[in-house]
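The block underneath contains the structure these notes are about, expressed in structure tokens.
The values are calculated or read from the model by the stated rules, or taken from the named source; none is laboratory data. Just so it is clear, the model here is predicted, and its values are computed rather than measured. Here the Cβ positions follow ideal geometry from the backbone for every residue, glycine too, while neighbour counts run over all protein chains shown. Just the protein is used for accessible areas: all its heavy atoms, side chains included, with ligands, DNA and RNA removed. Shrake-Rupley method; radii C 1.70, N 1.55, O 1.52, S 1.80 Å.
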Amino acid sequence: MAEEEGQNDDVRVKKAMLEKAVKALKQVVAKKSANTNPLFSEASETMSVQLTLAKIPERRLKPVIIRLPHPMYTEKSEVCFISKDPQKKYKELLLQQHPVPGLTKVIGLDKLKRNYKAPSDKRALADAYDLFLCDKKVVEMMPKVLGVVFYRKKHKPPIPVHLKEGLEDPAVEIKKAINGTAFRMPSGPCIGVKFGRCSMAEEELVANASAVIASSIKLLNRHGILLQSISVQATDSVALPVWRRKAPDGPRLNLKKYRSDAASSAASDTGASGVSDSEITGSDITSDAGETLSTRDTVSEFETGSELETGDTMSEMDSEDGEMSKEDMPLVQGLKKKKRRLEGKNSAAAPAPEPAAPKKKAKKMKTK
């Protein structure tokens, strides 16, 4: 249920904090790109505002274009527009009748499906253009047609543009999309909104970030979504927090105890682990240390046991079993069995002795 509007009006991001975050990220990117291929310079790195929500939205919102004071793309940028069929109609409309600076390619939906099926073709298409736009009427088909290459690896999902029928000058809507950025509501609790390239000046990046934060707060208020924190992040870098809401009152949830209690209750009810092989649970998420949280929880439970209890358990075992001779130890017995198996294999593999040649019978001498 949507909460009352205006619940994010208390969000106040200090400009000085935003400037420090942008400056630090530019230094990190400059140091990283100094030792890399010149093709992957600061111009290819982007910055985004990361918005963490207090809860997962009940429904996804349609993408909204946020205007930027300093556009990320210029007339030298190459933009591709994905249109509905027939392609020829929109190609003439956008490239000949109402040309837009930077828009150099128009691809119809049918041609996109036929010519860009393989992942390698999709990667080549994604690398060939800086920005992708699409007709609003085909935006629902884009995830299936473009796939993981555009949405996960290259992070270039097309921005939908509403081209109304009978619109005198569609270039107006195209320019709005090129000069702005897309606010997309995902199915999770985090939202990432690009606001500039790392090659831009610090003042321009700070102004763009401020505009994105202000517009995002208005959109979240409109749909009754509470904002928990705001961070700034560059491509493949850490996120630097610039604002965070105070945690609500009350006891904190102990995730380790919650997972161990849930696993033990499931095991006691079913007599086995409560998770099937096909399920993926939160306890199986790999941590930064390279181990699973479930393994780390088990170790912590053993470590919390007192030495007295461990010593008592060992003394009880010794009193019941008595002294054990060296020959009766499982390890010694196992080594003996292994030795016997190896000797049996060697004897079977040894070549059998050749049979002796039959002795020739001596011929009897005939007496005359």
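Taking every alpha-carbon pair in segment 190-249 and binning the separations at 10 Å intervals from zero gives 19, 51, 26, 5, 0 percent.
Rounded to 0.05, the FRET efficiency of the Glu202 and Glu165 pair, given R0 = 25 Å and the Cβ-Cβ distance, is 0.05.
If you plug the beta carbon distance of Lys117 and Glu343 into 1/(1 + (r/R0)^6) with R0 = 51 Å, you get a FRET efficiency near 0.25.
Name the shape class, rounded, prolate or oblate, that the alpha-carbon gyration tensor gives for segment 83-138, where a ≥ b ≥ c are the square roots of its eigenvalues, rounded holds for a/c under 1.5, and otherwise prolate holds if a/b is larger than b/c and oblate otherwise.
Oblate shape, in that a/c is at least 1.5 and b/c is the bigger or equal ratio.
Starting from the Cα of Gln27, step 7 Å toward the Cβ, then list every residue of segment 202-222 with an amide N under 15 Å from that point. In segment 202-222, the label zone of Gln27 (backbone N under 15 Å from the point 7 Å along Cα→Cβ) covers 202. Evaluated on segment 174-225, the Kirkwood hydrodynamic radius is 12.3 Å, with distances taken between all distinct Cα atoms.
Compute the Cα gyration tensor for segment 54-176, then decide on rounded, prolate or oblate, letting a ≥ b ≥ c be the square roots of its eigenvalues: rounded whenever a/c is under 1.5, prolate when a/b is larger than b/c in the other cases, and oblate in all that remain.
Verdict is rounded for segment 54-176.
What ranking of Met72, Met17 comes out by heavy-atom accessible area, probe 1.4 Å, highest first?
Details: Met72 15, Met17 85 Å².
Most to least solvent-accessible, the answer reads Met17, Met72.
Label positions at Lys153 and Ala128, each projected 7 Å from the Cα along the C-beta direction, are separated by 1.6 nm.
In the structure shown, the pairs Lys23/Lys136; Lys137/Lys175; Lys122/Lys218; Lys88/Lys122; Lys88/Lys194; Lys26/Lys105 are assessed against 29 Å; a Cα-Cα span above that value is assigned to Lys23/Lys136; Lys122/Lys218; Lys88/Lys194; Lys26/Lys105.
Given a Förster distance of 30 angstrom, what is the FRET efficiency for Ala34 paired with Arg244, based on the Cβ-Cβ distance and rounded to 0.05? Rounded to the nearest 0.05, the efficiency is 0.40. Expressed as a whole number of Å, what is the distance separating the alpha-carbon centroids of segment 163-193 and segment 74-126? Between the Cα centres of segment 74-126 and segment 163-193 lies a distance of 16 Å.
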